[in-house]
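The block underneath contains the structure these notes are about, expressed in structure tokens.
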Amino acid sequence: MDTDKQAGKLYVISTPIGNLDDITYRAVKLLGAVDALACEDTRHTRKILSRYEIPLPRVFFSYHEHNEASAGQKILNLLNEGKTVALCSDAGTPGISDPGYRIISNAGDSGYHIEIIPGASAVTSALPASGLPTSSFTFKGFPPRKKGPRKKFLEMEKEAPHTLIFFESPHRVGILLADALEILGNRLAAVCMDLTKIHEKVCKGYLEDLVKTFAKKETKGEITVIIAGNNPKFRNR
């Protein structure tokens, strides 16, 4: 991202979604070279630093949804001083269903150079694992928690022909599947759990069957739900 402002640089660094081996050489190198590191949970990021023997930067602080305003201003102040700042979330890329969008946007609008360090993604890991079409898809992030807004959220994609991707809490995955069955019909889908971790598992089937499975199943960990688009090939009426 090219800008006119010379002072400071913000590195948006992707981190592993589970397996700590899934970090790039570039990310490790930069984490050990920046002046400051802002991360969603300092305890979580310390594990990565420890794993790769990366020394703590002099300035190390949290940036999450509850302190975005104050922590974001701290990042802007550091950039204005000409410092290099790394931004990490707990897993994946900052700003993708994780804190980061606001400071990335504000830093760019303020003229600071922003460099994206790509890496592991639950979206692009779950999609091929689902066995559903990968040529065209929509990532919807986390559905609303309340039933009414969640149903409207699903209705928006009812006629879409492309594969749908959602993140969901393990406590609500059964509810999401039931609502999807009601709104979208009995389509092929997959529930991907703890991708890249030791207990990684992918459950595939029609929504009707998955609803029954997850109504009884106690689910834990990180969940990505993939649902086929509106195509007769992937429906079972």
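The values are calculated or read from the model by the stated rules, or taken from the named source; none is laboratory data. Note that the structure is a prediction, hence the values are computed from the model and not measured. Here Cβ is always computed from backbone atoms with ideal geometry, including for glycine, and neighbour counts include all displayed protein chains. Only protein heavy atoms, including side chains, enter the accessible area calculation; ligands, DNA and RNA are left aside. Shrake-Rupley method; radii C 1.70, N 1.55, O 1.52, S 1.80 Å.
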Legend entry - Förster-model FRET efficiency, 22 Å R0, N77 and K47, C-beta, rounded to 0.05: 0.20
Legend entry - Estimated FRET transfer efficiency when R0 is 35 angstrom, pair A7-T138 (beta carbons, to 0.05): 0.40
Legend entry - Sites K212 and E65 - FRET efficiency at Förster radius 30 Å, r taken between beta-carbons, to 0.05: 0.30
Legend entry - Å³ per residue enclosed by the Cα convex hull of the range 55-126: 106 Å³
Legend entry - Cα-based shape type of the range 40-82, given that a ≥ b ≥ c are square roots of the gyration tensor eigenvalues and the cut on a/c is 1.5: oblate
Inset, instruction - Could you point to the label whose value was computed as Rg/Rh (Cα atoms, Kirkwood Rh) for the structure here, given (i) 1.03; (ii) 1.08; (iii) 0.96? - result: (i)
Legend entry - Fraction of beta bridges assigned by DSSP in the chain that are antiparallel (%, nearest 5): 45 percent
Legend entry - DSSP-loop trypsin sites (Lys or Arg not before Pro) across the range 1-83, with at most 10 other Cβ within 10 angstrom: R58
Legend entry - Value at 222 nm in deg cm²/dmol, rounded to 500, when DSSP H runs of n ≥ 4 in the chain each add -39,500 (n - 2.57): -9500 deg cm²/dmol
Inset, instruction - Just the number, please: Stokes-Einstein D of the range 1-101 in µm²/s, Kirkwood Rh from C-alpha pairs, 10 °C, 1.306 mPa s. - result: 117 µm²/s
Inset, instruction - Would you mind getting the accessible area per residue of the range 1-123, heavy atoms of the protein chains only, 1.4 Å probe, in Å²? - result: 51 Å²
Inset, instruction - Run through all the Cα pairs of the range 148-237 and give the fraction in each 10 Å bin from 0, expressed as whole percent. - result: 17, 54, 26, 3
Inset, instruction - Using a 1.4 Å probe over the heavy atoms of the protein chains, calculate the carbon and sulfur portion of the accessible area of the chain as a whole percent. - result: 49 percent
Legend entry - the range 168-237 - accessible surface per residue (Å², probe 1.4 Å): 51 Å²
Legend entry - Distance violations [Cα-Cα > 22 Å] among K29/K83; K197/K217; K197/K220; K147/K212; K147/K201; K152/K233: K147/K201; K152/K233
Legend entry - Partnerless Cys - the chain, beta-carbon criterion under 4.7 Å: C192, C203
Inset, instruction - Could you state how much accessible area E155 has, in square angstrom rounded to the nearest 10, with a 1.4 Å probe and all protein chains kept in place? - result: 90 Å²
Legend entry - Cα-centred dipole magnitude for the chain, charges only on beta-carbon of K, R (+1) and D, E (-1), debye, nearest 20: 740 debye
Inset, instruction - Distance between Cα centroids, the range 29-45 to the range 56-77: provide it in whole Å. - result: 11 Å
Inset, instruction - Can you work out the PRE-style zone for T124? Point 7 Å along Cα to Cβ, and I want the residues of the range 21-35 with backbone N under 16 Å. - result: 22-27
